Amino acid sequence: MLKPKEPTVLFIPGGLTSPSVFDGLGIFLPCQSAVINWLMSDGPWELDIIGKRILDFIREYDLGPTILCGYSAGGIIAMSAAIADQEGLVQGILLSNTGANTKGHSDPNLPKNIQKSWPDHDLIDRFIKRCFARKCPEALYSILYEYAFHVPKEAAYACTASVRTIDLEPDLKHIQCPVLLAHGKDDQVRRQCHVDVLKNGIPNIELCYLDGGHTVMVEAHTQYLDKLLYFVNKIFTPKEK
């Protein structure tokens with residue numbers, strides 16, 4: 001149970017992706033944390049709306065300074081929240097393998113294919129494999145597959161379609177909190193062009209590359225954890241006057 005007024009890290013998974021990709025991270029943090037299982041919540045599931053609901057969540061639980069860790073579509077949610085934040089609720093964002101829009105994205109037809117047939121074994125299998133630069137561990141593959149299979153069709157379509165219609169590039173300048181972009185350098189979904197847009201558009205951003213693909217917190221778990229701890233300490237350590 002999250003405590004009010006306490007520093008908090010909220011992990012936000014990507015579309016069709018089990019929260020289990022963040023397993024094993026929270027136990028190392030010097031603050032409380034939670035994973036937002038937004039795909040299994042009530043709709044609507046458009047990412048900018050989910051971003052505003054994250055702000056509502058922070059208010060409802062009266063959380064202290066909060067860091068959003070957004071991965072893939074979860075990064076769009078985190079950025080949407082920060083853009084809409086007028087109260088300083090979001091004190092920092094750790095982004096991974098995401099983008100402001102989908103220009104150059106590797107799979108523009110995913111929403112149409114979901115609408116045609118969901119859940120579909122081949123569609124889910126291709127989606128999971130594309131999220132890893134190396135072979136996904138079998139146990140994790142089973143968890144990811146089972147999760148995606150049970151995502152309601154309406155949620156699967158809404159989130160993947162909104163990824164492809166939202167364009168945050170003109171509004172990145174409104175993100176006033178510090179941002180750390182920890183990008184898996186072997187990602188074939190979100191490429192350097194997506195990194196460049198974020199790097200050039202967000203005022204207060206640091207960039208680092210990790211040795212992994214799209215799901216970098218799994219493939220480069222230790223490196224990701226190191227960057228997470230660095231960022232948490234940076235944001236939550238009181239500044240000397």
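Across the protein chains, with a 1.4 Å probe defining accessible surface, the residues Ile83, Ile50 rank Ile83, Ile50 from largest area downward.
Taking 0.36 nm per residue of sequence separation and removing the Cα-Cα distance, the Ser20/His121 pair yields an extension gain of 34.4 nm.
In order along segment 222-238, the phi-based Karplus estimate (6.51 cos²θ - 1.76 cosθ + 1.60, θ = phi - 60°) of 3J(HN,Hα) comes to 5, 4, 4, 4, 4, 5, 4, 5, 4, 5, 4, 5, 5, 7, 9, 7, x Hz; Gly and Pro are listed as x.
3J(HN,Hα) along segment 178-185, derived from phi through the Karplus expression 6.51 cos²θ - 1.76 cosθ + 1.60 where θ = phi - 60°, amounts to x, 10, 10, 9, 9, 10, x, 5 Hz, with x in place of Gly and Pro. Here the sum of -39500 (n - 2.57) over DSSP H runs of 4 or more residues, divided by the residues of the chain, equals -12500 deg cm²/dmol at 222 nm, to the nearest 500. Using R₀ = 45 Å, calculate the FRET efficiency as 1/(1 + (r/R₀)^6) where r is the Cβ-Cβ separation of Met1 and Lys199; round to 0.05. With a Förster radius of 45 Å, E is 0.75. I'd like the FRET efficiency for His221 and Gln192, computed as 1/(1 + (r/R0)^6) with the beta carbon distance as r and R0 of 25 Å, rounded to 0.05. Given R0 = 25 Å and the Cβ-Cβ separation, E is 0.65. Model label points for Glu169 and Ala139, set 7 angstrom from Cα along the Cα-to-Cβ axis, are 4.2 nm apart. For segment 1-141, averaging the sequence separation of C-alpha pairs within contact (under 8 Å, six or more residues apart) and dividing by the residue count gives a relative contact order of 23 percent. Given R0 = 35 Å, the distance between the Cβ atoms of Lys129 and Glu60 translates into a calculated FRET efficiency of 0.40. Note on the chain: dipole from Cβ charges, positive end direction compared against Ile114, Leu68, Ala155; the farthest Cα belongs to Leu68. Using only the Cα atoms of segment 1-118, build the gyration tensor, take square roots of its eigenvalues as a ≥ b ≥ c, and label the shape rounded, prolate or oblate: rounded if a/c is under 1.5, else prolate if a/b is larger than b/c, else oblate. Judged from the Cα gyration tensor, segment 1-118 comes out prolate (a/c at least 1.5, a/b above b/c).
Residues Glu60, Glu219, Glu46, Glu154 ordered from highest to lowest accessible area at a 1.4 Å probe: Glu60, Glu154, Glu46, Glu219. Spin-label pair Lys52-Phe28: with each label point 7 Å from Cα along the Cα-Cβ axis, the two points sit 3.7 nm from one another.
Close amide H partners of Ser33, meaning residues 5 or more places away or on another chain with modelled amide H under 5 Å apart, are Val9. Please identify which residues in segment 24-51 have an amide N closer than 11 Å to a label point set 7 Å out from the Cα of Leu229, following the Cα→Cβ vector. Answer for segment 24-51: 28-30. Accessible surface ranking for Phe28, Phe132, 1.4 angstrom probe, highest first: Phe28, Phe132. Just report the Cα centroid separation between segment 212-229 and segment 131-177, whole Å. Spelled out, the Cα-based centre of one part sits 17 Å from the other. Sequence-ordered 3J(HN,Hα) estimates for segment 46-58 from the Karplus curve with 6.51, -1.76 and 1.60 and θ = phi - 60° stand at 5, 5, 5, 5, 4, x, 5, 5, 4, 4, 4, 4, 4 Hz, glycine and proline given as x. Over the chain, accessible surface divided per residue gives 45 Å², non-protein components excluded, 1.4 Å probe. Our summary gives the chain a relative contact order of 23 percent, counting only alpha carbon pairs under 8 angstrom and 6 or more residues apart. Segment Phe149..Asn109, full-extension length gain: 12.6 nm, with 0.36 nm per residue of separation and the alpha-carbon distance subtracted. Note on Cys177: accessible area approximately 10 square angstrom, rounded to 10, probe 1.4 Å, nucleic acids and ligands left out.
The values are calculated or read from the model by the stated rules, or taken from the named source; none is laboratory data. Just so it is clear, the structure is predicted and the values come from calculations on it, not from any experiment. Glycine also receives a Cβ, built like all others from the backbone with ideal geometry; neighbour counts cover every protein chain displayed. Protein only, heavy atoms only, side chains kept; ligands, DNA and RNA dropped before computing areas. Shrake-Rupley method; radii C 1.70, N 1.55, O 1.52, S 1.80 Å.
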